Amino acid sequence: MKITRNAKLGLAVYAIFLVGYLCASGNRLLRPSTDTHFSYQADMLLHRRLDLGHPPPNSHDWAEVEYLHLKDGRTIAGTFIKSNPYHFRTLGGKVERITDADVANRWKKYYVSFPPFPTVIFLPFVAAFGLGVNDVLITVVLAALAPMLLFFVLRRLAARGDSSRSEEDDLWLVAMFGFGTVFFYSSVIGQVWYTAHVVATVLTGLFVLAALDARHPLLAGLCIGAILLTRPHVAAWSLLFFYEAWRAHGKKIPVAKLAGFGVPIVLLGGLGFVFNWARFGAFGEFGHFYLNVRWTDRIQRYGLTNFAFLARNLACAFTLTPKLLAKPPFFQIGYHGLSLFITTPAYLYVLWPRVKSSLHTALWCVVAPIALAGFLYQNDGWVQFGYRFSNDFAFAIMMLLAIGGRPLTRTWKALILVGVVVNLFGAISFGRMNQYYFDGFFPISLNEL
């Protein structure tokens, strides 16, 4: 079978990014990361357990459910309210006043609080090698698929006339995405949060390839179902399939294709709901409400999403800058990260397209709910180098840049290279060179003046 030029270039793209990510990861590849939650969850499932069975190895985002055997003979499960420690919220949502005098015995169960699809990827490796599986290496190998998939998508857009980009232009955009955005540092450190970003991005690339012209509805649905079980809000990508099906069938609704698309989503979503119910007694609860972290009080007060979090998250996404110092290391980056326009200044070009089409509108309809979910979330991504939640919609931004019609000028290429340098620093320094980071929000606080 003859291999096409696009296939050859795609494989070359994968090889280049795999080598680049491996080199940037460096000594991280020598051992698993500090946060291998998906390995633990795979081990739980292999041992037919839903909970960890013992206290977790650290305090990083594990769901903690407390069980109380009361002197009146009842056993209830849930968590105490931080702001009122004598109020206990059960798994069913009921709040009871419980004092120490009411409790005959108590114990806790610990769960992985992240949606479980990445665990499926880890299952065979954990079955073969146990909990020592290197999540960093697995994440890197997966991450290099994303730029390759983006290249295939951009070539498809050019072939069907949505993009006038040349092959060279598309390679520049692939380089911008893979090395010039926060996807770079997210790909090289392992850890449960970043592994989930990588898995969701790879699934997004596969979904878009299947969704263009609504060619493969079953595969597209499987990808969305898997995304729903990885980073649920990213499933808003399903809007693109509806648009493509409508467009490819003369602006009519192809019922059969939509059914083929919907069935795997319903099946996988149903499995996720059952999994949630078995652990937390609620279909939509993956476990984040039961986190025992420094943010627990605000989660209990305001929920996981709330308008109250919008201003802070917009600042993290668009305005945060480094703190400049008069002595070495001369600058520091807050744990809340850097503005997207510092990590990827070439993103600015998405704001001024020369060409707008119905696909342009459809992609912004994908970006809007995904970005809004991050902007309203109780956590801004802390601890991070740059606004890591942008990984959830970066693929769509790259597609918008491809179809926007603005020439890839020397200035644009220079900004891409600036982004590569910035994100190379992040990939190398994050979690290693702590002198360049500080636990703060704004670059200058009042107690520093």
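The values are calculated or read from the model by the stated rules, or taken from the named source; none is laboratory data. Bear in mind that the values here come from a model prediction, so they are computed numbers and not experimental data. Neighbour counts run over all protein chains shown; Cβ positions are idealised from the backbone, glycine included. We work out accessible area using only protein heavy atoms, side chains counted, and drop any ligands, DNA or RNA first. Shrake-Rupley method; radii C 1.70, N 1.55, O 1.52, S 1.80 Å.
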*With respect to the numbered conditions (1) within 20 Å of the chain's Cα centre (by Cα); (2) open to solvent by 20 Å² or more (accessible area, probe 1.4 Å); (3) under 17 Å from residue 339 (Cβ atoms); (4) not acidic (Asp, Glu), which one is the sole condition not fulfilled by residue 415?*
(1)
_Cβ contacts < 8 Å: first residue free of Cβ contacts under 8 Å to residues at least 60 places away in the same chain and of a type in the set (S, T, N, Q), restricted to the stretch 97-109; second residue open to solvent by 70 Å² or more (accessible area, probe 1.4 Å) and in a strand (DSSP E or B), any location; separation 6+ or different chain. Result?_
99/86
*State whether the residues of the stretch 11-22 include one that is more than 19 Å from residue 177 (Cβ to Cβ) and modelled with pLDDT of 95 or more.*
no
_It is to be established whether one or more residues within the stretch 360-379 are of a type outside the set (Val, Ile, Thr), buried (at least 21 other Cβ atoms within 10 Å of the Cβ), closer than 27 Å to residue 164 by Cα and touching a residue at least 60 places away in the same chain (Cβ under 8 Å)._
yes
_Based on this model, can you work out whether residue 124 counts as assigned to a helix (DSSP H, G or I) and open to solvent by 50 Å² or more (accessible area, probe 1.4 Å)?_
yes
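Of everything in the stretch 134-148, what is open to solvent by 10 Å² or more (accessible area, probe 1.4 Å) and assigned to a helix (DSSP H, G or I)? Give them in sequence order. Reasoning before the result, please.
Just the residues of the stretch 134-148 that are open to solvent by 10 Å² or more (accessible area, probe 1.4 Å), to begin with: 134, 137-138, 141-142, 145, 148.
Of everything in the stretch 134-148, those that are open to solvent by 10 Å² or more (accessible area, probe 1.4 Å) and assigned to a helix (DSSP H, G or I) turn out to be 137, 138, 141, 142, 145, 148.
Suppose we keep only residues that are under 25 Å from residue 49 (Cβ atoms) and of a type in the set (Phe, Trp, Tyr) within the stretch 262-314. Which one would you say is most open to solvent (accessible area, probe 1.4 Å)? Outline the logic, then answer.
Taking the stretch 262-314 and keeping what is under 25 Å from residue 49 (Cβ atoms), we get 267-293, 296.
Adding the requirement that they be of a type in the set (Phe, Trp, Tyr) leaves 273, 275, 277, 280, 283, 286, 289-290.
Details: 273: 105, 275: 36, 277: 135, 280: 1, 283: 114, 286: 38, 289: 34, 290: 9 Å².
My answer is 277.
Confirm whether residue 241 is without any contact (Cβ under 8 Å) to a residue 40 or more places away in the chain, of a type in the set (Phe, Trp, Tyr), in a helix (DSSP H, G or I) and surrounded by fewer than 24 Cβ atoms within 10 Å (Cβ to Cβ). Steps first, please.
Working: without any contact (Cβ under 8 Å) to a residue 40 or more places away in the chain: yes; of a type in the set (Phe, Trp, Tyr): yes; in a helix (DSSP H, G or I): yes; surrounded by fewer than 24 Cβ atoms within 10 Å (Cβ to Cβ): no.
For residue 241, the condition - without any contact (Cβ under 8 Å) to a residue 40 or more places away in the chain, of a type in the set (Phe, Trp, Tyr), in a helix (DSSP H, G or I) and surrounded by fewer than 24 Cβ atoms within 10 Å (Cβ to Cβ) - is not met.
Would you check if there is a residue in the stretch 189-209 being over 13 Å from the mean Cα position of the chain (by Cα), surrounded by 24 or more Cβ atoms within 10 Å (Cβ to Cβ) and closer than 14 Å to residue 392 by Cα? Break it down into steps so the answer makes sense when it comes.
Restricting attention to the stretch 189-209, the residues satisfying the condition of being over 13 Å from the mean Cα position of the chain (by Cα) are 189, 205-209.
Now drop any that are not surrounded by 24 or more Cβ atoms within 10 Å (Cβ to Cβ), which leaves 189, 207-208.
Now narrow it down to the ones that are closer than 14 Å to residue 392 by Cα: 207-208.
Within the stretch 189-209, one or more residues are over 13 Å from the mean Cα position of the chain (by Cα), surrounded by 24 or more Cβ atoms within 10 Å (Cβ to Cβ) and closer than 14 Å to residue 392 by Cα.
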